[in-house]
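Only one structure is covered here, and it is reproduced in the block below.
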């Protein structure tokens, strides 16, 4: 990875926050991954409806991870390579590995759903362990992106340019996927991040889309969290 120590120092010494293409979506991914792993760990695999519901959640996580890789490859890595050739090479290689791991986990999840009753407990434990390793690797992977990749981006792009990359990425996401992302994105932001994101969305999106976003996220916010968000946006707290 062609990242100079100077760029890493600039990242650590940055006096003012920069536009961060990774921060929000990575909070969403960490929350979704942790929640799904816990669901697999506590699942009653002898309860058919519960087994079906939890394995569906695993498949949703894997689909979301696959889409996330594609978005980063097409927008963030492309931007890095345009001004720092080779800078995304290590993580791009890991993305290819993640694609293979996602396919393997999807096959393992389907096999668990369809296996004989006698094998379910062992297969469920095996899926739990495989998923936990995948998540552990992803947590380390995201840390590299948030530090080393941001160092490259911040040294070569203005905030206005980074905002444009972000907006083009968001515009490429289908509405259904966006609503799923918001469910995991907004509740796990801090209050300032949450208010900033939704204020920006209200300024740019049609009113029905903004209202739909609020309906998606409100059930996952505590009473105090919603009150703070409502106050920041000038919305009724009730």
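Observations
- Some residue of segment 62-71 being over 19 Å from residue 145 (Cα atoms) and assigned to a helix (DSSP H, G or I): yes
- Residue within segment 61-83 that is exposed (fewer than 12 other Cβ atoms within 10 Å of the Cβ) and either at pLDDT below 95 or under 18 Å from residue 162 (Cα atoms) (or both) present: yes
- Test: residue in segment 121-129 that is under 19 Å from the mean Cα position of the chain (by Cα) and within 27 Å of residue 53 (Cβ to Cβ): no
- Segment 94-107: number of residues that are exposed (fewer than 15 other Cβ atoms within 10 Å of the Cβ) and either in contact with a strand residue (DSSP E or B) (Cβ under 8 Å, 6 or more places away or on another chain) or within 11 Å of residue 141 (Cβ to Cβ) (or both): 1
- Subset of segment 162-174 [under 16 Å from the mean Cα position of the chain (by Cα), touching a residue at least 12 places away in the same chain (Cβ under 8 Å) and more than 13 Å from residue 200 (Cα to Cα)]: 169, 172, 173
The values are calculated or read from the model by the stated rules, or taken from the named source; none is laboratory data. Just so it is clear, the model here is predicted, and its values are computed rather than measured. All Cβ positions, glycine included, derive from the backbone under ideal geometry; neighbour counts span all protein chains shown.
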